[in-house]
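The block underneath contains the structure these notes are about, expressed in structure tokens.
Each reported figure results from applying straightforward, stated rules to the coordinates on display, with no laboratory input. All figures in this text were calculated on a predicted structure; none of them were measured in a lab. Cβ sites come from the backbone with ideal geometry, for glycine too, and all protein chains shown count toward neighbours.
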Amino acid sequence: MLNIRLTDLPAVKCNNDVAFLGVLAKLGLGFDCASLGEIKLVLGLGVEPSRIIYGHPCKTVSALRYAATRGVSLTTFDNLDELEKVASTCPEMGLLLRIYAHDETARISLAKKFGAPLDTTGELLQRARDLGLEVQGVSFHVGTGASDPKAYIAAVRHSKQVFDLGQQFGFNMCILDVGGGFQDENLETIAPRLERAIDAEFPDRAVQVVAEPGRFYARSFYTMVCKVISRRTHVSTSQPSREQKQHHSSSAKVDMLYQSDGVYGCFMNALCEGEIYQPTVIRAYTGGPRTARNNGTHLYSIWGPSCDSLDCINEQTYLDCEVRVGDWLKYNNMGAYTTACSTTFNGFSNQYEIIYVAPEISLNAYLPSPPQEEEAEPMMAALEFQPLELAELRQAGK
Ligand SMILES: *Cc1c(COP(=O)(O)O)cnc(C)c1O
């Protein structure tokens with residue numbers, strides 16, 4: 001359990017579903033917004049602008065002006081030009097200096113793009129002071145899908161060095177923003193180590209610690225259900241050619257399933273993060289006369305709906321029965337960087353029907369049956385969406 005003064009500012013970018021954000025807002029959390037659109041969205045939920053950080057070190061002047069006019073009072077920077085921009089647009093805006101941080105194990109490193117190297121922070125602070133701006137602290141982000149506590153520990157140590165430097169320049173350094181990167185699997189490891197590092201570097205605790213968790217909040221609250229729209233089973237040929245033999249050196253024949261959503265939809269992390277998706281089958285009620293379904297495990301490859309062969313969800317996976325057109329494939333943990341990243345490539349919809357269900361009700365009860373023949377819209381259900389659990393999580397974070 002953390003006993004640091006931790007304020008959560010969940011990152012809107014990983015899931016901008018207003019129902020989800022609304023629950024976070026009700027819990028009293030703030031938000032990390034990175035664009036004009038995200039700021040508008042969050043303000044539209046009735047969130048006080050003082051609970052928003054404009055957490056992007058490279059902003060457009062128009063968005064910055066909008067944020068300032070609407071009362072957002074904190075943003076980040078990591079370069080000299082951003083300081084000029086702030087000075088001429090909204091000099092009263094509070095600033096956090098985003099420093100370089102990097103976790104080798106992160107699924108997506110942000111370090112290539114953002115974060116001032118430590119040896120440039122003196123010049124940046126000097127310029128901020130010359131421009132009469134107010135630097136109030138430091139932020140970092142070790143990368144999304146991170147897992148190594150050492151990256152956080154190093155970043156906290158570097159933050160302290162920048163705090164000291166800032167104080168020498170006369171700034172009231174009081175906010176430490178430890179970014180995101182937290183996951184269900186790593187929070188237990190990272191949180192206590194992070195806490196100890198903060199204790200060690202800031203023993204007087206005269207610092208407000210904030211975090212910007214993205215996937216940690218969103219990921220497990222959504223389950224996605226995709227419809228199987230086509231299937232290509234292997235038709236046995238009497239004599240496989242030598243070429244075929246080479247391609248399928250293993251004796252297994254992989255039948256192919258095509259589902260209603262793919263890497264240009266909610267499964268982009270197959271490409272970006274190498275995420276392995278493992279669905280379970282929900283059998284459709286087929287009605288009418290039925291041929292017996294083959295039970296027992298069956299090897300499949302699973303594909304998205306587009307014409308692109310990159311659009312592969314899983315190249316080879318055992319499902320626990322024969323799958324037929326009209327069945328559904330159910331994926332857990334589909335709340336982070338899914339709907340938020342979905343495109344309309346190839347003319348496929350990126351509109352999802354989101355069903356908020358009480359955890360004890362089976363998702364199957366919500367599936368249309370018998371399956372309809374028209375265009376299959378992928379569905380996203382926020383199963384296990386338990387505000388109470390979130391509330392407890394939030395308590396644990398205090
Ligand atoms: C993406 C991002 C986050 C959220 O990252 P997660 O890895 O999803 O926790 C937080 N802060 C900033 C500045 C980001 O860019």
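Overview of values
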| read-out | value |
| --- | --- |
| Virtual spin-label span in nm between GLU315 and GLU188, 7 Å along Cα→Cβ | 3.3 |
| For the range 4-212: relative contact order, % (alpha-carbon pairs under 8 angstrom, 6 or more apart) | 19 |
| Spin-label pair SER88/GLU48, simplified geometry with 7 Å Cα→Cβ offset, distance in nm | 3.4 |
| Whether the range 1-107 is rounded, prolate or oblate, judged on the alpha carbon gyration tensor where a/c under 1.5 counts as rounded | oblate |
| 21 Å Cα-Cα reach of LYS113 towards lysines, excluding residues that sit fewer than 8 places from it in its own chain | LYS13, LYS59, LYS85, LYS150 |
| Packing-based exposure ordering (other Cβ within 10 Å, fewest first) of CYS174, CYS226, CYS307 | CYS307, CYS174, CYS226 |
| 15 Å Cα-Cα reach of LYS26 towards aspartates and glutamates, excluding residues that sit fewer than 8 places from it in its own chain | ASP8, ASP17, GLU48, GLU389, GLU392 |
| For the range 5-53: rounded, prolate or oblate by the Cα gyration tensor [a/c cutoff 1.5] | rounded |
| Within the range 22-57, backbone nitrogen closer than 13 Å to the virtual label 7 Å beyond the Cα of GLU275 toward Cβ | none |
| For the range 103-155: rounded, prolate or oblate by the Cα gyration tensor [a/c cutoff 1.5] | prolate |
| The range 70-167: translational diffusion in µm²/s, Stokes-Einstein, Kirkwood Rh over Cα pairs, 20 °C, 1.002 mPa s | 155 |
| Least to most buried among LYS160, LYS112 (fewest other Cβ within 10 Å first) | LYS112, LYS160 |
| Neighbour-count order for PHE114, PHE31, fewest beta carbons within 10 angstrom listed first | PHE114, PHE31 |
| Rg followed by Dmax, in Å, when the range 4-212 is reduced to its Cα trace | 16.1, 45 |
| Cα→Cβ-extended label distance, 7 Å offset, between ASN346 and ASP130, nm | 5.4 |
